[in-house]
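Visitor: Just dropping this structure here.
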Amino acid sequence: MHSVGKSWLLLTGFVVFYVIYLLFGALVFSSIERPVEEQLRRDMERLKEEFLNQSCVNAASLELFLNKVLAANKYGVSVLRNSSGRSNWDLASSMFFANTLVTTVGYGHPTPLSDAGKAFSIVYALMGVPFTMLVLTACVQRVMHPLVLAPVSLLQRSGLKPRPATIVHFLLLVIVVVLCFFVAPAAIFSGVEVSWTFLDGIYFCFISLCTIGLGDFVPAARPGQPYRVLYQIAVMVYLFLGLMMMYLLLRTFHKMADMHGLTTLLQLPRCEDSVLDDDTEPMVDNDPTPPRLKDKAASKPLDPGSQPSYNSINKG
């Protein structure tokens, strides 16, 4: 089959599978969540009737009051007694909001109240999102060698062939990321946030590090949160490091897919075709030169044609 026709056939297959996947998700979510929603709706109606029967407030006034309360709550303003006196726009909270904005996590709590704030959010994100991606990319490039290339080379020296070495390394990297950026933080969040369970913590970590940011769980939003400023700073650091490690996982998987021929099979761009020249170092190392000699050689100017490439990888 002609390469162009094969490419369009693969694209059509991807789109069809994507639509089927969405329909599958819709069916599962509907079957799980709809009964819970209906039960909650009945509970709220019953609570509303009980309140109206025990007070002199009419239904219209109650609904008007509730609409205003819910609208304010959407912007992070609560009428509860234990929520008063704390601003959502002090310096630490504003920095936390800016962090969720430029990392595209966007919890939606709080959100800008004024038109000026909404306009500035657009301009700020327009410059901040690409810059954040640039910083994350630069950080990932710096840790590719100690966290990916060097461990794979070490596995090769231990007797593994290049392809099995990349698989073993990727699985180990996934385990480390899951333990350090999902399990451990979830345990911490479930201890700090009184109303969160361990599953809530895992859910929050996944939603955040995938930049989905549904906003149903927001750290440091509890009234009277002790050490709230330090807590928010710690969460910002966690988000940045977590996003960096998720990006590292994706880059490592992409490199592994290149080596195993998966990108060629699916006619997808190779990892080296979409990154800067600084990150085109082979994932496997067939050069027996000692590290000290490599460091000395690295300080010398290189001919452009001698730059390492995936084309030179031994895929044995």
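Visitor: Within the bounds of the stretch 174-189, is there any residue that is of a type in the set (A, V, I, L, M), within 25 Å of residue 90 (Cβ to Cβ) and over 17 Å from the mean Cα position of the chain (by Cα)? Before you say what the answer is, go through the steps one by one.
Guide: The first filter runs over the stretch 174-189 and keeps only residues of a type in the set (A, V, I, L, M), leaving 174-179, 183-184, 186-188.
If we keep only those that are within 25 Å of residue 90 (Cβ to Cβ) too, we end up with 188.
When the remaining residues are screened for being over 17 Å from the mean Cα position of the chain (by Cα), the result is 188.
Checked against the condition, which is being of a type in the set (A, V, I, L, M), within 25 Å of residue 90 (Cβ to Cβ) and over 17 Å from the mean Cα position of the chain (by Cα), the stretch 174-189 yields at least one hit.
Visitor: Okay, moving on. If you go through the stretch 124-137 one residue at a time, how many are of a type outside the set (Val, Ile, Thr) and surrounded by 13 or more Cβ atoms within 10 Å (Cβ to Cβ)?
Guide: Qualifying residue count, the stretch 124-137: 5.
Visitor: Now a separate question. Which of the numbered conditions does residue 212 fail, given that it passes all the others? Conditions: (1) under 15 Å from residue 108 (Cα atoms); (2) open to solvent by less than 50 Å² (accessible area, probe 1.4 Å).
Guide: Unmet condition: (2).
Visitor: Test residue 10 against the criterion of being of a type in the set (A, V, I, L, M), surrounded by fewer than 11 Cβ atoms within 10 Å (Cβ to Cβ) and modelled with pLDDT under 85, and give yes or no.
Guide: Details: of a type in the set (A, V, I, L, M): yes; surrounded by fewer than 11 Cβ atoms within 10 Å (Cβ to Cβ): no; modelled with pLDDT under 85: yes.
Against the criterion (of a type in the set (A, V, I, L, M), surrounded by fewer than 11 Cβ atoms within 10 Å (Cβ to Cβ) and modelled with pLDDT under 85), residue 10 does not qualify.
Visitor: Quick test for you: out of 215, 224, pick the one residue that is among the small types (Gly, Ala, Ser) and over 21 Å from residue 100 (Cα atoms).
Guide: Working: 215 fails: over 21 Å from residue 100 (Cα atoms).
Going through 215, 224 in turn, the sole match is 224.
Visitor: Right, another one. Free of Cβ contacts under 8 Å to residues at least 12 places away in the same chain, more than 28 Å from residue 237 (Cβ to Cβ), among the β-branched types (Val, Ile, Thr) and surrounded by 10 or more Cβ atoms within 10 Å (Cβ to Cβ): is that true of residue 36 in this structure?
Guide: Working: free of Cβ contacts under 8 Å to residues at least 12 places away in the same chain: yes; more than 28 Å from residue 237 (Cβ to Cβ): yes; among the β-branched types (Val, Ile, Thr): yes; surrounded by 10 or more Cβ atoms within 10 Å (Cβ to Cβ): no.
No; evaluated as a whole, the condition is false for this residue.
Visitor: Is it true that some residue in the stretch 72-90 is in contact with a Lys or Arg (Cβ under 6 Å, 6 or more places away or on another chain) and within 30 Å of residue 134 (Cβ to Cβ)? Steps first, answer last, please.
Guide: Just the residues of the stretch 72-90 that are in contact with a Lys or Arg (Cβ under 6 Å, 6 or more places away or on another chain), to begin with: none.
The answer is no, given that none of the residues of the stretch 72-90 is in contact with a Lys or Arg (Cβ under 6 Å, 6 or more places away or on another chain) and within 30 Å of residue 134 (Cβ to Cβ).
Visitor: Give the stretch 239-288 a look and list any residue that's open to solvent by 70 Å² or more (accessible area, probe 1.4 Å), at pLDDT 90 or above and either within 20 Å of residue 10 (Cβ to Cβ) or of a type in the set (Gly, Ala, Ser) (or both), or say none.
Guide: Result: 253, single match.
Visitor: Checking the conditions here, which among 165, 187 is free of Cβ contacts under 8 Å to residues at least 24 places away in the same chain and either touching a strand residue (DSSP E or B) at 6+ places or on another chain (Cβ under 7 Å) or open to solvent by less than 60 Å² (accessible area, probe 1.4 Å) (or both)?
Guide: Working: 165 fails: free of Cβ contacts under 8 Å to residues at least 24 places away in the same chain.
Every option except 187 fails the conditions.
Visitor: Okay, next question. If you go through the stretch 78-111, how many residues are part of a loop (DSSP other than H, G, I, E, B), surrounded by fewer than 16 Cβ atoms within 10 Å (Cβ to Cβ) and at pLDDT 85 or above?
Guide: Final tally of qualifying residues: 3.
The values are calculated or read from the model by the stated rules, or taken from the named source; none is laboratory data. Given the structure is predicted, the values throughout are model-derived calculations rather than measurements. Please note: Cβ atoms are built from the backbone with ideal geometry, for glycine as well, and neighbour counts cover all protein chains shown. Surface areas here come from the heavy atoms of the whole protein model, side chains and all, with no ligands, DNA or RNA. Shrake-Rupley method; radii C 1.70, N 1.55, O 1.52, S 1.80 Å.
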